[in-house]
Ligand SMILES: NC(=O)c1ccc[n+]([C@@H]2O[C@H](COP(=O)([O-])OP(=O)(O)OC[C@H]3O[C@@H](n4cnc5c(N)ncnc54)[C@H](OP(=O)(O)O)[C@@H]3O)[C@@H](O)[C@H]2O)c1
């Protein structure tokens with residue numbers, strides 16, 4: 001299929017920037033005030049990371065699993081699918097991530113560590129929770145388009161990458177695959193839409209990949 | 001063969017003939033129309049594309065804007081609307097507009113089949129038809145030649161059974177032109193759809209002459225390179241002589257260049273704006289450039 005070389009990212013973009021950002025705004029309006037609830041969940045996760053309890057590791061993994069399953073249904077299946085026919089094909093991957101979070105995540109230790117990728121992970125998590133919602137207004141869009149943890153995939157994927165980088169235990173890297181794939185796909189979409197914040201997603205990917213590859217090189 | 005070419009040329013001159021009456025849409029002026037070679041049916045030479053612009057999902061405000069674009073399109077005498085199952089919610093949004101204002105009798109519904117499985121073609125077509133809310137399509141095209149052999153069999157069978165009026169194939173941006181030509185030579189097609197504009201002129205060499213020889217109507221996609229061409233030209237001054245061909249904007253300059261090619265039947269620019277659809281439709285009005293003027297136009301843009 002040599003003609004594939006003649007395609008560019010624009011050829012696969014199905015919607016205009018206006019349609020895309022309005023979809024995010026309408027999603028927010030439909031779910032308000034769930035954003036407050038997911039923000040509080042994020043804050044609770046932060047607290048448990050700093051002061052872990054015997055049960056908190058499973059609760060964090062369980063919370064993330066619920067959020068990924070919820071995004072698969074509420075965002076990909078119900079919302080994004082209205083303008084992107086590829087979204088229903090991505091939804092099962094989000095469901096898989098939820099399943100992996102229960103299977104693998106339940107056995108990990110989710111806490112802030114000083115060593116290794118702990119600081120990088122914490123930075124990513126905090127930026128997804130606190131800074132990401134400010135991107136829309138900073139880019140001159142309405143605050144109604146603010147993307148929050150647990151409500152839209154971008155901040156949720158970045159936050160999850162940050163949390164997994166902090167988590168200790170076997171096979172934790174498996175929990176990075178779906179969020180990283182999402183970040184790369186979403187970067188391509190936002191980049192093609194001409195949105196400067198696309199670079200946030202790429203930075204998250206690089207911060208996650210560099211330590212993992214270094215660890216494997218050691 | 002020359003007879004069909006002459007038919008095509010005659011169509012160029014047949015401005016505004018036999019426009020079917022359209023319910024609920026006023027018709028101020030008679031636009032330039034071409035005759036479809038295989039039937040002699042007249043079709044206005046500017047249509048409406050729907051890629052990206054009409055994929056607005058269930059956003060009611062944006063759907064209303066698309067419906068307004070359709071209304072202005074029909075009011076200006078437009079007939080051909082082009083879509084595809086690849087264009088997200090565009091087909092559904094067309095259906096929304098048609099339901100809202102009533103389906104004009106002049107509507108020329110052009111859609112595509114786009115699925116790798118041949119046997120699943122008919123169910124995709126039926127789904128598309130229900131989204132548009134039309135009794136049948138006027139034209140179905142094999143999108144980007146995907147599984148074209150199987151789908152063309154389906155489309156020819158539908159045409160033979162009276163469920164479809166015209167059959168075609170599409171490509172864009174110069175992809176697979178060799179294969180495209182082979183199919184044009186071997187298959188009895190009513191329409192072919194390719195990319196053509198004042199800077200992407202490859203089809204002038206072989207595909208447009210072949211279409212004229214074979215009596216196939218040519219639909220032109222990406223007249224504005226998805227808007228990129230207009231963005232690049234937006235800072236530049238239109239030549240003073242643009243007035244001689246009745247072009248008052250770059251969009252009209254380019255559309256007039258396209259539709260004045262003798263082998264071109266319909267250009268299908270996409271837009272989300274009523275003002276733009278009016279501007280595009282107005283470019284059908286005479287005068288259109290002759291061959292010498294077309295040459296001058298192309299050179300002018302090339303040298304900018
Ligand atoms: N392989 C295939 O079968 C194939 C491939 C590509 C395209 N197509 C068909 O061809 C159609 C047209 O191609 P396209 O959608 O790629 O792009 P296009 O028609 O070349 O350009 C569309 C863009 O031009 C802008 N525009 C339209 N009229 C304008 C005006 N008067 N002044 C300023 N800007 C104007 C629109 O923006 P506004 O919304 O702001 O007006 C829109 O962004 C498609 O919609 C589709 O139906 C088929």
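Readers should treat all values here as calculations from the given coordinates under stated rules, not as data from a laboratory. Remember, predicted model here, so these are calculated numbers, not experimental data. Note: ideal-geometry Cβ built from the backbone for every residue, glycine included; neighbour counts use all protein chains shown.
Note on residue A:107 and residue B:178: their simple-model spin labels are 5.5 nm apart, each label 7 Å out from Cα toward Cβ.
For residue B:204 and residue A:44, a Förster radius of 45 Å and the Cβ-Cβ distance give a FRET efficiency of 0.10, rounded to the nearest 0.05. Gap in Å between the Cα centre of segment A:28-49 and the Cα centre of segment B:117-173? Comparing the Cα centres of segment B:117-173 and segment A:28-49, I get a distance of 48 Å. Beta-bridge orientation, the protein assembly as shown: approximately 15 percent antiparallel, per DSSP, counting only bridges with both partners inside.
Debye-formula intensities of segment B:204-304, expressed as log10 I(q)/I(0) at q = 0.15, 0.19, 0.22, 0.23 Å⁻¹, are -0.61, -0.99, -1.29, -1.39 (one equal scatterer per alpha-carbon, no solvent). Taking one equal scatterer on every alpha-carbon of chain B, how large is log10 of I(q)/I(0) by Debye at q = 0.09, 0.16 1/Å? Debye curve over Cα of chain B, log10 I(q)/I(0) at q = 0.09, 0.16 Å⁻¹: -0.40, -1.39. When you count the other C-beta atoms within 10 angstrom of each residue and take the mean per peptide, B:34-43, B:218-227 line up highest first as B:218-227, B:34-43. Counting neighbouring beta carbons within 10 Å and listing from fewest to most, the residues B:261, B:151 come out as B:261, B:151. Taking label positions 7 Å along the Cα-Cβ direction at both residue B:291 and residue A:11, the computed distance is 3.4 nm, reported to one decimal.
Taking 7 Å steps out from each Cα toward its Cβ at residue B:61 and residue B:300 produces label points 3.9 nm apart. In chain A, helical runs assigned H by DSSP with n ≥ 4 each contribute -39500 (n - 2.57); averaged across all residues and rounded to the nearest 500, the mean residue ellipticity at 222 nm is -19500 deg cm²/dmol. As a calculated quantity, the FRET efficiency between residue B:153 and residue B:237 at R0 = 41 Å, using C-beta atoms, amounts to about 0.20.
The listed peptides A:54-66, A:93-105, ordered by packing as a protection proxy, come out as A:93-105, A:54-66 (highest mean of other Cβ atoms within 10 Å first). The Rg/Rh ratio of segment A:61-169, with Rg taken over Cα atoms and Rh as the Kirkwood radius over Cα pairs, comes to 1.01. Legend: ranking of residues B:111, B:213 from fewest to most surrounding C-beta atoms inside 10 Å; resulting order B:213, B:111. Note on segment A:97-138: the alpha carbon radius of gyration divided by the globular reference 2.2 N^0.38 Å gives 1.50.
Put simply, the convex hull of the Cα atoms in segment B:59-165 casts, on average, a shadow of 6.6 nm². Over chain B, DSSP H runs of length four or greater, each weighted -39,500 (n - 2.57), average out per residue to a 222 nm ellipticity of -12000 deg cm²/dmol.
The mean number of partner chain beta-carbon atoms within 10 angstrom of a residue's beta-carbon across peptide A:82-88 is 4. Ratio of Rg to Rh for the protein assembly as shown: 1.06 [Cα atoms; Kirkwood radius as inverse mean 1/r over pairs].
Per-residue shielding of B:56-67, expressed as the average number of other chain Cβ atoms within 10 Å of the residue Cβ, stands at 4.
For chain A, the alpha-carbon coordinates run over 49, 45, 30 Å along the three principal axes, in decreasing order. What separates the Cα centres of segment A:153-213 and segment B:181-257 is a distance of 43 Å. So, R0 is 30 Å and r is the distance between the beta-carbons of residue A:66 and residue A:144; what FRET efficiency does that work out to, to 0.05? Rounded to the nearest 0.05, the efficiency is 0.75.
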